Amino acid sequence: MPSAKEFMKYKNAFEVLELLLNQNVSRSEISEITGLTRTTVGNIVRTFMKLGFVKEKREKRKNISGAGRKPIPLEIIPSFLHAIGIGILRHQVIGCLINAKGKLLFHEMSPVYKRRDVEEVFKNVTYVIDSLLEKAKKDSLEVKTIGLGIPGPLDPVKGMVLKPPKFSNFENVPLVQMLYDEYKISTWIENDADMAALGEKRYGGGRDMNNLIYIHTSEGVGAGIIIDNHLYRGKIGYSGEVGHLLMKKDDKFIYFEDLYGMDVVVEKAKVEISDDIEKLQDLAERIRNGDEKAKKLVKEIARDFGMLVLSLVHILGIPDVFIGGKYQFLGDTFIKEVREVVNEYGIFGSKVNIQYSHLGDMAIPLGAASHAIFMYLKTLIVMNDQKRVLKEIPEFLYA
C-alpha cells in the first residue's frame, strides 16, 4: 500500500483522469471543478501528456480585438488505446470494441446458449473476443485492455466470480486469470448492473447527470448507482443488490428476483395467460393485440417494481432512474405503471425521472469497456510513478 502522501497523489491524478474521460476541459476548469491547485493540476496533466494519452485540443483562433486568451481544452487521445467490453448475460454474451474516447467501432454477439456453466460461458466469451480482435486486426487497431460485466457476487481485485445466482458450477472462478492466460491482455471484471450504470452515464441518457440509478433486469435484478459522477460500490462492494430485497409470499420471505426475474415472469404468464408465451416480447405482443389478461399481469408486476424504484429513490435521494435489460420489452404499459406508483406514493412528486435505458443491451459491454480503459490508465500512471511493472493489482486502484 502507498503512504498517505502517495495515496493522495494518486487520488488526485485519478480524479483528473476520470474528469477527462467524461469531457473535454481545460486546466483551469479542472482546477475549478476539483478544487485542486493549478500547480497540482499542471503537474498531473504534464504526466498524462508525457505518457501520451492526453493532448491539448487546439482550435483555429479568430482574430478578435481585445479578446483574452481562451483556455485550451484537454482531451484523451482516441487512438491511444482500444478496449473490448463484454457483457455476460445468462443466455448470451455481447461485446464491443471502442477507442479511448468511447467511440463504438464494432460490436459482436455470441450464439444463444442454454447451459450456463463455466465451460459454455467461457467458450462464448472467447468467441466474442476472438471476433472483435479479428476486426481490430483488420483495421490495425491494438487492443490493450478488456473489461467484463457479469452478475455478482464478485471479487474484482482478485478477478474472481464468486457464486452468481442461476449459473451452474460458477463458484470461485478465476475468470480474469483465465482470459489473461488466453490473450495476454490486461483484463478487469465488475458487476453487470454497475457496468450498465457506467455505460449509461458515459455514453447514454445519463451523460449530463451527476447522479443516477440504473436498474438492470434479466433473470436477476440489480442496480448500479452513480453518485457525484462516481460508481458507488459500498463498503463491502455489494451496493445495489436490489434483487435480494425481501418480499413476503405465502407467509414466507422470498427474494425480489425470485418473484420478478424474467424467467419467473414468463413462467407465470404461461400458467395465467397462455402456454405459447416463451419470452417477454410475447407478453408485450399480446398487450399490443388487446389481451387484457396480459395487460393486467404486466401492471401487477409494474406496481411491485414501482415500489422497488420508489424505495431506492427515497433512500438515495436520486431522482433520475433508468430501467434496462429485458423489462424494456414490456414497453409503455410497464413503465407508465411504474411512474404512476412513484408519483402516487413518492415524496418527491414529479421530480423523479424514470426512463428506459438509451443503450439497451449495449449498456453493459460499453460500461465494461469504459471501465477497462479507466483501470488500464490508472495502472499506467502507477507503473510510471513506481518505474516498475506491477505483478499484482493494488487494491487502492479501486478506491
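The values are calculated or read from the model by the stated rules, or taken from the named source; none is laboratory data. The shown structure was predicted, so the numbers you read here are calculated from the model rather than taken from an experiment. So basically every Cβ, Gly included, is an ideal-geometry build from the backbone, and we count neighbours across all protein chains shown. The area values use the complete protein model at the heavy-atom level, side chains included, leaving out ligands, DNA and RNA. Shrake-Rupley method; radii C 1.70, N 1.55, O 1.52, S 1.80 Å.
Could you tell me which residue of region 126-145 is surrounded by the fewest Cβ atoms within 10 Å (Cβ to Cβ), considering only residues that are hydrophobic (A, V, I, L, M, F, W, C) and in contact with a Gly (Cβ under 8 Å, 6 or more places away or on another chain)? Explain how you work it out, then say what you get.
Filtering region 126-145 down to residues hydrophobic (A, V, I, L, M, F, W, C) leaves 128-129, 132-133, 136, 141, 143.
Now drop any that are not in contact with a Gly (Cβ under 8 Å, 6 or more places away or on another chain), which leaves 128-129, 132.
Values: Val128: 23, Ile129: 25, Leu132: 26.
Across region 126-145, the extreme among qualifying residues is Val128.
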> Within region 357-377, which residues are open to solvent by less than 20 Å² (accessible area, probe 1.4 Å) and in contact with a Lys or Arg (Cβ under 8 Å, 6 or more places away or on another chain)?
Replying inline: Leu366, Gly367, Ser370
> Within region 113-125, restricting attention to residues that are over 22 Å from the mean Cα position of the chain (by Cα) and open to solvent by 40 Å² or more (accessible area, probe 1.4 Å), which residue is nearest to Val173 (Cα to Cα)?
Replying inline: Glu119
> Within region 311-356, can you find the residues that are in contact with a Leu (Cβ under 8 Å, 6 or more places away or on another chain), open to solvent by 60 Å² or more (accessible area, probe 1.4 Å) and of a type in the set (Ser, Thr, Tyr)?
Replying inline: Tyr345
> How many residues, within region 298-340, are closer than 23 Å to Ser239 by Cβ and either more than 24 Å from the chain's Cα centre (by Cα) or acidic (Asp, Glu) (or both)?
Replying inline: 2
>> Which count do you get for residues in region 1-17 that are assigned to a helix (DSSP H, G or I) and surrounded by 15 or more Cβ atoms within 10 Å (Cβ to Cβ)?
In response: 8
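Please find, among Leu308, Leu259, the residue that is hydrophobic (A, V, I, L, M, F, W, C) and either over 23 Å from His91 (Cα atoms) or open to solvent by less than 10 Å² (accessible area, probe 1.4 Å) (or both). Write out each step before concluding.
On the way: Leu259 fails: either over 23 Å from His91 (Cα atoms) or open to solvent by less than 10 Å² (accessible area, probe 1.4 Å) (or both).
None of the others qualify; the one that does is Leu308.
I want to confirm something. Restricting to region 157-169 and keeping residues that are in a loop (DSSP other than H, G, I, E, B) and modelled with pLDDT of 90 or more, which single residue is least open to solvent (accessible area, probe 1.4 Å)? Let's see the steps before the verdict.
Step one: filter region 157-169 for residues in a loop (DSSP other than H, G, I, E, B), giving 157-159, 162-169.
Filter again for modelled with pLDDT of 90 or more, leaving 158-159, 162.
On the way: Lys158: 152, Gly159: 2, Leu162: 44 Å².
Of everything passing the filter in region 157-169, Gly159 is least open to solvent (accessible area, probe 1.4 Å).
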> Of the numbered conditions (1) open to solvent by 30 Å² or more (accessible area, probe 1.4 Å); (2) modelled with pLDDT under 95; (3) in a strand (DSSP E or B), His91 satisfies every one except a single condition; which is it?
Replying inline: (3)
> Which one is surrounded by the most Cβ atoms within 10 Å (Cβ to Cβ) among residues in region 241-256 that are within 12 Å of Phe305 (Cα to Cα) and modelled with pLDDT of 90 or more?
Replying inline: Gly243
> For Gly102, which of the numbered conditions (1) more than 19 Å from the chain's Cα centre (by Cα); (2) open to solvent by less than 40 Å² (accessible area, probe 1.4 Å) fails to hold?
Replying inline: (1)
> Glu32 is checked against (1) closer than 21 Å to Met383 by Cβ; (2) surrounded by fewer than 18 Cβ atoms within 10 Å (Cβ to Cβ) and fails just one. What number does that condition carry?
Replying inline: (1)
